[in-house]
Amino acid sequence: MCGIIGYTGRGDALSRVTAGLCALEYRGYDSAGAAFFCGGDVNVIKTAGRIAELIKLTKEIDSSPNCAIGHTRWATHGAPTKTNAHPHKYGRVTLVHNGIIENHAELKAAVGAHPISETDSEIAAACIDAIFSECGDPLLSVRRACDGFSGSFAIGVMFDCFPGMIYAAKNKSPLIVGISKSGNYIASDVAAIISETDTYIELCDGDVCMISPDRCVIIDKRSEEVKRSAAVANVVADDIGLCGYDHFMKKEIAQEPEAIRKTLLRRMSDGAVSFCGDGLSDEYLSGIEKLTVVACGTAYHAGLWAKHYIEKTCRIPVDVVIASEYIYGDPLTRSGDTVIFISQSGETADTLSALELASSRGAMTIAVVNVKTSSIARRADVAVFTEAGPEIAVASTKAYTVQCAVMTALGARIAYAKGILDTHGLRSVSRALTGDLCDAINDVIAREAGISAAAKRYHKSDDVYFIGRGADVCACLEASLKLKEISYVHSEAYAAGELKHGTISLITDGTPVIALVGDEKTSDKMMNAIREVAARGADVFAVCRRDFPRDEAIKTRFELPACSDDVLAIAAQTVFQLFAYHTAKLRGCDVDKPRNLAKSVTVE
Ligand code: M6R
């Protein structure tokens with residue numbers, strides 16, 4: 001989603017702002033812009049293109065401003081044009097915004113604004129300008145204007161007559177203040193400032209602040225000055241650099257085994273995984289009689305995997321709901337229920353709203369989340385952190401694998417708490433996750449050449465079908481999403497038994513069908529499905545167990561590593577991630593920044 005950065009201090013502000021925008025590129029954007037003080041006025045430059053275009057524009061500026069704000073826009077209100085790009089200047093106010101001001105139409109009428117763009121953000125600038133005309137105080141103008149905004153927002157503001165000052169506010173969208181020796185920053189996240197400083201202040205919802213080169217003043221909802229403590233980011237420049245890889249996606253796939261181990265080994269006691277340290281005692285877990293899992297996209301698929309594993313192991317019902325459906329579906333959540341929210345970013349607006357709804361109904365909320373400082377981590381009753389490290393590529397890979405591993409471990413611990421698994425059983429699942437699974441993923445990565453060869457065979461196809469059974473269906477759904485999002489190939493995933501109920505009519509000569517056969521129990525049925533599609537001309541790529549028979553219906557074969565059946569479908573996902581990666585590369589797609597997508601979807 002949109003990225004915000006601002007700097008005021010010694011040295012060139014514009015180069016810091018554009019460097020910060022480059023670091024925020026991973027969030028996804030379609031236009032970019034910056035504003036800076038020059039000769040006592042605020043000047044704006046923007047482009048409907050990439051940040052490289054913006055950097056070219058900054059080279060044409062002959063001064064070296066030391067206060068600037070910058071923005072990457074992911075269009076919500078209005079097309080991705082130069083006019084709609086941020087910053088927006090209205091009267092004496094220049095503003096960048098991430099989020100949605102839901103009541104922009106009423107606000108526009110109330111202040112009689114005449115915007116030139118189609119954005120809600122320009123209306124926000126008009127509101128601040130109108131209030132500033134009355135009170136003349138920039139901090140209070142931002143405060144009062146924000147009090148009238150509904151929706152989620154993080155904003156950065158400059159006033160014509162206050163050079164060297166940046167004002168900022170946030171509600172439900174992330175925003176931090178960065179503190180460095182040369183000056184101060186505002187930013188959407190730490191990645192934007194980490195090359196300059198690791199010290200930052202996390203703003204709370206409702207905060208409004210002013211930064212100057214050597215000061216940071218924060219006021220809360222009651223307009224009272226508050227102190228927020230500074231933190232040191234545990235991100236190092238390597239975490240957000242390519243480190244020799246061509247793409248972040250490739251680097252992040254390679255990090256999967258390390259991320260799983262890092263997440264689970266710290267929860268291991270006497271060879272068995274435990275969530276006591278997270279605040280989930282065995283006593284609590286033993287009382288869980290049903291679970292609801294809520295998430296979006298890839299995290300939702302991790303939820304489907306969890307359903308499969310937990311229902312099988314704990315024999316309790318698990319509902320998995322897409323967050324945006326949960327919010328508006330009047331869910332049956334009641335006081336005493338346990339609802340788990342899975343999110344990499346911890347900022348996904350749909351998931352956050354769902355969490356608030358579940359909380360308001362008295363449910364115990366558990367977040368399985370990768371970003372410790374995120375809104376979802378803060379709002380949940382219990383946060384179980386995944387230790388995947390920063391995930392920069394828009395396509396989620398290592399975060400998914402770790403989410404699946406954590407949910408498996410949690411399921412095993414629930415089964416243990418309920419007396420279904422004994423210590424030996426729990427230790428064996430723990431070993432399968434931290435040993436077998438990691439080795440299997442490394443084995444898949446070592447045989448990447450076989451996967452890229454398959455991508456070469458299939459990359460020109462416009463429609464691809466994934467089929468599987470049981471847990472393999474969850475993996476197929478995620479495989480299909482990955483292929484769609486980065487290679488723009490239309491693809492669908494089906495339970496193999498469903499094909500004959502409709503979809504098989506789409507299979508014609510040469511249609512690629514990718515069959516995942518990880519589940520031993522249904523191997524025979526999968527062979528039947530493979531023969532059925534092959535008989536109708538399908539070009540079948542089997543990603544299968546080693547013991548799956550060879551058959552002339554299978555044109556391409558990739559054997560899964562020997563691995564505990566409990567976790568094989570998780571390891572299979574690495575095959576599909578690499579398949580999507582190579583397909584996207586062969587099709588000339590921007591692997592890490594696919595069109596129209598944002599890394600963290602902070603609007604509903
Ligand atoms: O940050 P979250 O895990 O909450 O994000 C949820 C989805 O937006 C995300 O998984 C999305 O589907 C990814 N681009 C998939 O690769």
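The values are calculated or read from the model by the stated rules, or taken from the named source; none is laboratory data. The shown structure was predicted, so the numbers you read here are calculated from the model rather than taken from an experiment. Here Cβ is always computed from backbone atoms with ideal geometry, including for glycine, and neighbour counts include all displayed protein chains. Note: accessible area is taken over every heavy atom of the protein model, side chains too, but ligands, DNA and RNA are not part of it. Shrake-Rupley method; radii C 1.70, N 1.55, O 1.52, S 1.80 Å.
Summary table below
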item: Distance (nanometres) between label positions extended 7 Å along Cα→Cβ at Lys181 and Asp147; result: 4.2
item: Residue-averaged 222 nm ellipticity for the chain, from DSSP H runs of 4+ at -39500 (n - 2.57), nearest 500; result: -11000 deg cm²/dmol
item: Per-residue HN-Hα couplings for region 185-191 [Karplus 6.51, -1.76, 1.60; θ = phi - 60°; Hz; x = Gly/Pro]; result: 10, 10, 7, 5, 7, 4, 3
item: q = 0.12, 0.22 Å⁻¹: log10 I(q)/I(0) that the Debye formula gives for region 19-119, counting C-alpha atoms only; result: -0.40, -1.21
item: Inter-site label distance for Asp282 and Asp439 at 7 Å from Cα along Cβ, in nm; result: 2.8
item: Computed over region 248-444: relative contact order in percent, which uses C-alpha pairs under 8 Å that are six or more apart; result: 31
item: Inter-label distance for Ala449 and Asp246, nm, one decimal - labels placed 7 Å from Cα along Cα-to-Cβ; result: 1.6
item: Cleavage-rule hits (trypsin sites (Lys or Arg not before Pro)) in region 531-562: DSSP loop, at most 13 neighbouring Cβ within 10 angstrom; result: Arg546, Arg550
item: All-pairs alpha carbon distance profile, region 164-323, 10 Å steps from 0, percent; result: 9, 22, 26, 27, 14, 2, 0
item: Per-pair calculated FRET efficiency, R0 = 35 Å: Asp590 and Ser63 via Cβ, rounded to 0.05; result: 0.55
item: Under 14 Å from the Glu289 label point (7 Å along Cα→beta-carbon), backbone N, region 325-350; result: 334-338
item: Overall form of region 389-446 per C-alpha gyration tensor (a/c, 1.5; a/b vs b/c); result: oblate
item: Sequence-distant residues sharing a close amide H with Arg50 (under 5 Å, placed H); result: none
item: Accessible surface, per residue, of region 1-144 when the full set of protein chains is kept, probe 1.4 Å, Å²; result: 37
item: Per-selection Kirkwood Rh - region 110-163 (Cα, Å, 1 d.p.); result: 11.6
item: Share antiparallel - DSSP beta bridges, the chain, percent rounded to 5; result: 60
item: Added length on full extension, which subtracts the Cα-Cα distance from 0.36 nm per residue, His501 to Val44; result: 158.8 nm
item: The chain - Rg and Dmax from Cα coordinates, angstrom; result: 25.4, 80
item: Span-like helix ranges in the chain, DSSP H, alpha carbon extent 27 angstrom or more, Kyte mean at least -1.0; result: 398-417, 568-586
item: Percent carbon-and-sulfur accessible area, the chain, ignoring ligands, DNA and RNA, probe 1.4 Å; result: 50
item: Potential lengthening between Ala535 and Asp12 on full extension [0.36 nm per residue; Cα-Cα distance subtracted]; result: 181.7 nm
item: Theoretical gain in end-to-end length, Glu118 to Asn103 [0.36 nm per residue, Cα-Cα removed]; result: 4.0 nm
item: Packing-based order for 561-571, 588-598, 185-195, using average beta carbon neighbours within 10 Å, highest first; result: 185-195, 561-571, 588-598
item: Region 451-586: translational diffusion in µm²/s, Stokes-Einstein, Kirkwood Rh over Cα pairs, 4 °C, 1.567 mPa s; result: 90
item: The chain: relative contact order in percent, alpha carbon pairs under 8 Å with at least 6 residues between; result: 12
